[in-house]
Amino acid sequence: MSSLSPWVMPDLLSNPHCRYRMWRLSESMPFLVRNADGDELLFIHEGGGEFFCDYGHLTLKEGDYVVIPRGTMWRIEPTAPLFILMIEATEDSYQLPDKGLVGNHAIFDPAALDVPAIDECFLAQQDENPWSLQVKRHDQVSVITWPFNPLDAQGWHGDLCVVRLNWRDIRPLMSHRYHLPPSAHSTFVASRFVICTFVPRPIESDPGALRVPFYHSNDDFDEVLFYHAGDFFSRDNIERGMVTFHPAGFTHGPHPKAFAAGQAHAKTFTDEVAVMLDTRDALGVGQICEGIEDPHYVSSWQRPDGTIGK
């Protein structure tokens, strides 16, 4: 769905702590927006553009994560049509995960986190024309208008800022003997959910290792996967841009073809890129999903005789 404002995008999935939406943008935003309900996370699935905010300017490209703190004014000028995944941390903020024994420089070096710049491009967009700001609070949008562009900063000070990370800067943890659980791939965390990124890596090489995700029922989390690029080795009939939703309590795992390929060690390297959302609280399904759901996905683990099995 295309719109110049992210605030009219319907929820695909949501709970009191999280909102999961898609946004297509092909024209420059003629106004600014601000989320007063929580931090916003953008993942650039397709396209590129120039991002302007209180802190300066960033050039966006495919594969970028952009974390926008609550209360930040921003807008985007696309240079190519954008397809954006948006995940709101409602009444919350994004943090970096605890890296534990592997240290602060895993899974990506903090130096890879990019911040906006007060550069020539940012200064050039400052003008004395009227600009409006759409503020979202509790599903209501208020409009504030200035007789000039309020993105008129000359500098900023502090440690709260928009940050950007591209999935290509992530160096995944791996083990030749043990298929690491999704928590090892955590990228950002909030109080009630976690964002993980699956990126290309070698497949476990030990003869006794499980080379595909184990079968599990997600008893503590709802699981959502957005498939960005590559060959999704643990799934069948999945294409880039698709989303799968596995609620807590429903056993799932590799599709039959993927399980057989894992046993045969048919692949030695994964080339998939996917964004996973795991929430501690049940997600409600938005009405828009009724018109776009693939009704055959739930049956894709069945044998030809209709039974479930490996």
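The values are calculated or read from the model by the stated rules, or taken from the named source; none is laboratory data. Since the structure is predicted, the reported quantities are computational estimates derived from the model, not experimental observations. No Cβ is skipped: glycine too gets one built from the backbone with ideal geometry, and neighbour counts run over all protein chains shown. For accessibility, only protein heavy atoms count, side chains too; no ligands or nucleic acids. Shrake-Rupley method; radii C 1.70, N 1.55, O 1.52, S 1.80 Å.
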Unmet criterion (only one of (1) part of a strand (DSSP E or B); (2) open to solvent by 50 Å² or more (accessible area, probe 1.4 Å); (3) not charged (D, E, K, R)) for F51: (2)
Yes/no for V141 being among the β-branched types (V, I, T), touching a Phe, Trp or Tyr at 6+ places or on another chain (Cβ under 7 Å) and either under 23 Å from F31 (Cβ atoms) or modelled with pLDDT under 95 (or both): yes
Top-ranked residue of the range 215-226 - restricted to ones that are of a type in the set (D, E, K, R) and open to solvent by 20 Å² or more (accessible area, probe 1.4 Å), ranked as modelled with the highest pLDDT: D220
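Okay, residues lined up against (1) at pLDDT below 90; (2) open to solvent by less than 20 Å² (accessible area, probe 1.4 Å); (3) under 26 Å from F52 (Cβ atoms):
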position: N149; (1), (2), (3): no, yes, yes
position: R168; (1), (2), (3): no, no, yes
position: M174; (1), (2), (3): yes, no, no
position: T197; (1), (2), (3): no, yes, yes
position: L210; (1), (2), (3): yes, no, no
position: P213; (1), (2), (3): yes, no, no
position: H228; (1), (2), (3): no, yes, yes
position: F232; (1), (2), (3): yes, yes, no
position: E239; (1), (2), (3): yes, no, no
Failed criterion for S93 (all others in (1) within 18 Å of the chain's Cα centre (by Cα); (2) over 25 Å from L225 (Cβ atoms) hold): (2)
All positions within the range 34-89 that are among the acidic types (D, E) and within 19 Å of F193 (Cα to Cα): D37, D39, E40, E88
For V135: the one exception among (1) under 19 Å from D39 (Cβ atoms); (2) in a loop (DSSP other than H, G, I, E, B); (3) not aromatic (F, W, Y): (2)
Members of the range 2-14 that are more than 30 Å from D127 (Cβ to Cβ) and either open to solvent by less than 20 Å² (accessible area, probe 1.4 Å) or part of a loop (DSSP other than H, G, I, E, B) (or both): P10, D11, L12, L13
Breaking point among (1) among the polar types (S, T, N, Q); (2) more than 20 Å from the chain's Cα centre (by Cα); (3) farther than 20 Å from E77 by Cα, for Q126: (3)
The range 133-192, residues that are hydrophobic (A, V, I, L, M, F, W, C), out of contact with any Pro (no Cβ under 6 Å at 6 or more places or on another chain) and closer than 23 Å to Y20 by Cα: L133, V135, V141, C161, V163, L165, W167, I170, A184, F188, A190
Single condition Q126 does not satisfy, out of (1) assigned to a loop (DSSP other than H, G, I, E, B); (2) crowded, with 17+ Cβ neighbours inside 10 Å: (2)
The one condition in (1) touching a residue at least 24 places away in the same chain (Cβ under 8 Å); (2) outside any loop (DSSP other than H, G, I, E, B); (3) small (G, A, S) that A153 fails to fulfil: (2)
Residues of the range 276-298 satisfying the condition of being modelled with pLDDT under 95 and either touching a Lys or Arg at 6+ places or on another chain (Cβ under 7 Å) or open to solvent by less than 50 Å² (accessible area, probe 1.4 Å) (or both): C289, Y297
Close pairs from the range 98-123: first without any contact (Cβ under 8 Å) to a residue 40 or more places away in the chain, partner of a type in the set (A, V, I, L, M) and surrounded by 10 or more Cβ atoms within 10 Å (Cβ to Cβ), Cβ under 7 Å, at least 6 apart: K99/A106
Some residue of the range 24-42 being surrounded by 20 or more Cβ atoms within 10 Å (Cβ to Cβ), touching a strand residue (DSSP E or B) at 6+ places or on another chain (Cβ under 9 Å) and of a type in the set (K, R): yes
